[in-house]
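The next block holds one structure in the form of structure tokens; read it before the comments.
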Amino acid sequence: MPPGISKARRRRGVGLGALVVILAIAAMVSLAVGARALSPAEVWHGLFAAPDSDQRRTEIRLIMETVRVPRTVLAIVAGIALGVGGALIQGYTRNPIADTGLLGVNSGASFAVVTVIAVFGLTDPFQYVWFAFAGAAVAGVIVFGLASIGRGAGNPLTLALAGQGITVFLTAMTTAVALSDQKSLNALRFWNSGSVAGVGFDVIWPVTVFIAVGLALTVITLPALNLLNLGDDVARGLGVNIALSRTIGIIAITLLAGAATAACGPIAFLGLMVAHVARYLTGPDYRWLVPYAGLLGSVVLLVCDIVGRLVVRPGELDAGVVVALLGAPFFAILVWRGKFKSA
């Protein structure tokens, strides 16, 4: 192996290890920070100590089990899903400004949520999260189906146009339903802010299963994705089944983005931002870019959730709001400095 390649691999490997350490530190801070700050000893007790009769320790265990741990786990899992999804959608569309919302998953989930609340009166997250996931999946399938027919079939531009058209339509329908029903309007206000709070493990574990399937499909398709970014003709000449590869990729993106959006609501900008940062750190090789994007997504979402708990105490800012507030200026600086690289 040439020395330059070996050195680059070592550097990327060290970078991945550093991101894992940063994520672990952020997770510990997330467990300690909130309306009631906890010391490291209290966090340890809340996680591992056996139940006892001390009321204060019982309260700490309750805070950890019902609030802090689920919130931290969801931020990590959703961050990985959105980061990987953002990298994949940019790769498959060869569009450097593509985001998971391009497939209509955000608008599909939002429309499903307000519709079931208006029609069935469901208000519990465990009840409507499945409709949100179904709405996201159906929207992704429709977008991919529209992009796969006609003269522009399989063209990344066709996929982008189909996604934009479905997104605009579903957004209009969501607004129409929400304005006609007060419960749906209130739910939409909370939903659109994007939050990792208030969701229990009864939602997190099933969602994690879908994300795990999406990640497995991602691993399968990464070698083909590298070849697709050389151009369809080159990829076809090297033996890539382009239609099959794109289909698997779109399914993976829909599972990842749909599951994360169902659990948290739409977290705008996260996948777009971390995919570009990952590309800047690793180069265009998706075998490295995708894991970097996933870890960066987790770190950014977790840190933004922590910041949201601190800046307006005793209240909170939802993580999605902080992602947008911090991410937009950062991305503008990235563009201004000429680091905006094509997928």
**Request:** May I ask you to evaluate 6.51 cos²θ - 1.76 cosθ + 1.60, the Karplus curve with θ = phi - 60°, for each residue of region 15-31 and list the ³J(HN,Hα) values in order in whole Hz, giving x for glycine and proline?
**Result:** x, 4, x, 5, 5, 5, 5, 4, 5, 5, 5, 4, 5, 5, 5, 4, 5
**Asked** Taking the Cα centre of region 16-73 as origin and charging only Cβ (+1 Lys, Arg; -1 Asp, Glu), how large is the dipole, in debye to the nearest 20?
**Response** 140
**Message:** Highest mean first, how do 62-73, 111-122, 272-283 rank when packing is the count of other Cβ atoms within 10 Å averaged over residues?
**Reply:** 272-283, 111-122, 62-73
**Message:** Could you give the length gained by full extension between Val168 and Arg189, i.e. 0.36 nm per residue of separation minus their alpha carbon distance, to one decimal place?
**Reply:** 5.7 nm
**Item:** Point-to-point label distance, Leu179-Val312, nm (Cα→Cβ direction, 7 Å offset)
**Value:** 2.5
**Asked** Hey, how much of the P(r) for region 1-99 falls beyond 20 Å, as a percent of Cα pairs?
**Response** 58
**Request:** Evaluate the charge dipole of region 3-336 about its Cα centre and quote only its size in Debye, nearest 20, assuming +1 on the Cβ of each Lys and Arg and -1 on the Cβ of each Asp and Glu.
**Result:** 860
**Item:** Dipole of region 43-95, positive direction: furthest Cα of Thr72, Ala87, Ile60, with charges on the beta-carbon
**Value:** Ala87
**Prompt:** Can you give the Kirkwood hydrodynamic radius for the chain, in Å, rounded to one decimal and based on Cα pairs?
**Reply:** 20.8
**Asked** Where nothing but the Cβ of Lys and Arg (+1) and of Asp and Glu (-1) is charged, how large is the charge dipole of region 41-87 around its Cα centre, in debye to the nearest 20?
**Response** 140
**Complete:** A correct Karplus calculation of ³J(HN,Hα) over region 249-263, with 6.51 cos²θ - 1.76 cosθ + 1.60, θ = phi - 60°, whole Hz and x for Gly and Pro, returns x, 5, 4, 4, 4, 5, 5, 5, 5, x, 5, 5, 5, 4, 7
**Placed amide H near Leu230: partners under 5 Å, 5+ positions off or other chain** = none
**Asked** What residue among Tyr280, Ala32, Ala98 has its Cα farthest toward the positive end of the dipole of the chain, where the charges are +1 on Lys, Arg and -1 on Asp, Glu, each on the Cβ?
**Response** Tyr280
**Message:** Please compute, over every Cα-Cα pair in region 57-140, the percentage with a separation greater than 21 angstrom.
**Reply:** 48
**Whole-Hz couplings from phi, Karplus 6.51/-1.76/1.60, listed for region 230-246; x for Gly and Pro** = 8, x, 4, 5, 5, 4, 5, x, 8, x, 7, 7, 5, 4, 5, 4, 5
**Asked** What residue among Thr171, Asn241, Pro206 has its Cα farthest toward the positive end of the dipole of the chain, where the charges are +1 on Lys, Arg and -1 on Asp, Glu, each on the Cβ?
**Response** Asn241
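Readers should treat all values here as calculations from the given coordinates under stated rules, not as data from a laboratory. Keep in mind that this is a model prediction, so the values were computed, not measured. So basically every Cβ, Gly included, is an ideal-geometry build from the backbone, and we count neighbours across all protein chains shown.
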